[in-house]
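J.: First the structure, which I've put down as structure tokens, then a few questions once you've had a look.
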Amino acid sequence: MPVSMRSVLPTLAALLLGYALIQIGNTLQGTLLSIRGNMEQFSPTQIGAVGSAFWAGIVIGSLWAGRVIMQVGHTRTFAALAAISASAALLHILIISPAVWIAARALTGFCFAGLFIVVESWLNASVTAQTRGQVLSVYGMTGLIAGIGGQMLLPTGDPASFQLFCFVAILICISLVPTALSRAVAPPHAVSDTRINIMQLYRQSPFGVVAAVLCGITTSSFFALGPLWAQERGLSTAEIAIFMACGTLGGFLTTWPLGWLSDRMDRRHVIIGASGMAAAILLVIINFVPLTVPAWLLFVYVAIFGGSVIPTYSIVTAHVNDMVRPGEFVAAAGGLLILQGVGSVIGPVIAGFAMTEFGRLGLLYVFILAQALMAIWGAYRSLQRAAPPTEEKENFVVEPTIPVGTRLEGT
């Protein structure tokens, strides 16, 4: 192991353990709220709004949490936001109301944005240029693995009871322990104050800007309303957990192969292929999969779907990095994360409304439309601008799926 990597392992281990615990609680809570909301007779539109509220909180928190870190430091910020988000998790079970759930989920998103910024900025400031790509890739893969673990915790309790909500709060509280007891010291000035210019980013990569929004629409709709779709399809609680975990597992398994492929050809062509595969598998489900199909076959389909859509954002980010100047990487990444966040806010609302109007097929229609638009836009942009030579490409890095960023610049 290189000395530079060995030197950051203590910091890496503590932060990643805390991050993993947060992500386990987060994915468990997202699936749990969808299932419990349906049990409480919430409409798909209301359930979608609950999911959308989380991403709205993420976007707002990503723009403001950096200031809190600068004022009170990483450890205090992490502790305060974890305490608030654990309390918000319990609020869902104390007051069963769509309005309260929307507000509580938005508060959770705001806090989680701050928690993720603490981890990401601490990691970024603790590593060297030589190890940053490796560390951030480990960070992104940790989030996917933790997401699978969170989904698989769903069958350990009854969604109609209070135990799972308490479990979410416990996981968030325990995430404090590795960070609080770590000997690692948070670096000063670890939070970037980079300003983001969305219009400039669009001029540099029109495909990347649009694709980031469509990535947000697809992934947020899947995690917010996928459990509801599976529940209405007739799956049991344990099968819903496996269904959602398989979607994340598919993304975990294909992220590196697709990233490797995108380093060796036009990244837009890889995204077009992945989008086409996602749309194709959804069309198969709509037209050829009867209600009586065994659950394991749905697990296979959702794994293919997740393997097609979850890695896309990382490839989009790599494509944009190929198009901008080296000194603009931070601003470009922040801009893409904000755009993904915007898509994540509107996605569950649109998908929830579609499910209210067209039943469970409405969710699949939204997915197909988003993936088709991405493929068409990618094909068009490929005709307008050639891909950069392979030797000029930036290295592929696995990106987290949670959108956090820095301050926007007015345009």
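The values are calculated or read from the model by the stated rules, or taken from the named source; none is laboratory data. Note that the structure is predicted; figures quoted are calculated from it, not measured. Every residue, glycine among them, receives a Cβ derived from its backbone with ideal geometry; neighbour counts consider all protein chains shown. We work out accessible area using only protein heavy atoms, side chains counted, and drop any ligands, DNA or RNA first. Shrake-Rupley method; radii C 1.70, N 1.55, O 1.52, S 1.80 Å.
J.: Give all pairs with beta carbons closer than 6 Å in which a residue from segment 294-321 that is more than 16 Å from Met244 (Cβ to Cβ) meets a residue that is of a type in the set (S, T, N, Q) and open to solvent by 10 Å² or more (accessible area, probe 1.4 Å); count only pairs at least 6 apart in sequence or on separate chains.
T.: Pro311/Thr254
J.: Looking at this structure, is Thr31 within 16 Å of Ala224 (Cβ to Cβ) and surrounded by fewer than 24 Cβ atoms within 10 Å (Cβ to Cβ)? Quick ask: steps written out before the conclusion?
T.: Details: within 16 Å of Ala224 (Cβ to Cβ): yes; surrounded by fewer than 24 Cβ atoms within 10 Å (Cβ to Cβ): no.
It is false that Thr31 is within 16 Å of Ala224 (Cβ to Cβ) and surrounded by fewer than 24 Cβ atoms within 10 Å (Cβ to Cβ).
J.: Quick check: anything in segment 287-304 β-branched (Val, Ile, Thr), more than 29 Å from Ala160 (Cβ to Cβ), open to solvent by less than 40 Å² (accessible area, probe 1.4 Å) and in a helix (DSSP H, G or I)?
T.: no
J.: Further, regarding this structure: What residue, of Ala65, Ala99, is at pLDDT below 85 and of a type in the set (Gly, Ala, Ser)? Show your work before the answer.
T.: Details: Ala99 fails: at pLDDT below 85.
After ruling out the rest, the residue left standing is Ala65.
J.: Restricting the search to segment 230-261, which residues are under 17 Å from the mean Cα position of the chain (by Cα), within 17 Å of Leu298 (Cβ to Cβ) and open to solvent by 40 Å² or more (accessible area, probe 1.4 Å)?
T.: Passing the criteria: only Leu249.
J.: On to the next question. Go through Gly147, Gly143, Gly157 for me and flag whichever is at pLDDT below 95, touching a Leu at 6+ places or on another chain (Cβ under 6 Å) and open to solvent by less than 60 Å² (accessible area, probe 1.4 Å). Explain how you work it out, then say what you get.
T.: On the way: Gly147 fails: touching a Leu at 6+ places or on another chain (Cβ under 6 Å); Gly143 fails: touching a Leu at 6+ places or on another chain (Cβ under 6 Å).
Answer to the selection: Gly157.
J.: Identify, by number, the condition in (1) at pLDDT 70 or above; (2) outside any helix (DSSP H, G or I); (3) among the aliphatic types (A, V, I, L, M) that Val397 doesn't meet.
T.: (1)
J.: Arg264 fails exactly one of the following numbered conditions: (1) surrounded by fewer than 23 Cβ atoms within 10 Å (Cβ to Cβ); (2) of a type in the set (Lys, Arg); (3) touching a His at 6+ places or on another chain (Cβ under 6 Å). What is the number of that condition?
T.: Unmet condition: (3).
J.: Can I ask one more? Mind listing just one residue for me: the one in segment 54-65 that is open to solvent by 10 Å² or more (accessible area, probe 1.4 Å) and either among the small types (Gly, Ala, Ser) or closer than 22 Å to Phe243 by Cβ (or both) and, of those, nearest to the chain's Cα centre (by Cα)?
T.: Across segment 54-65, the extreme among qualifying residues is Trp55.
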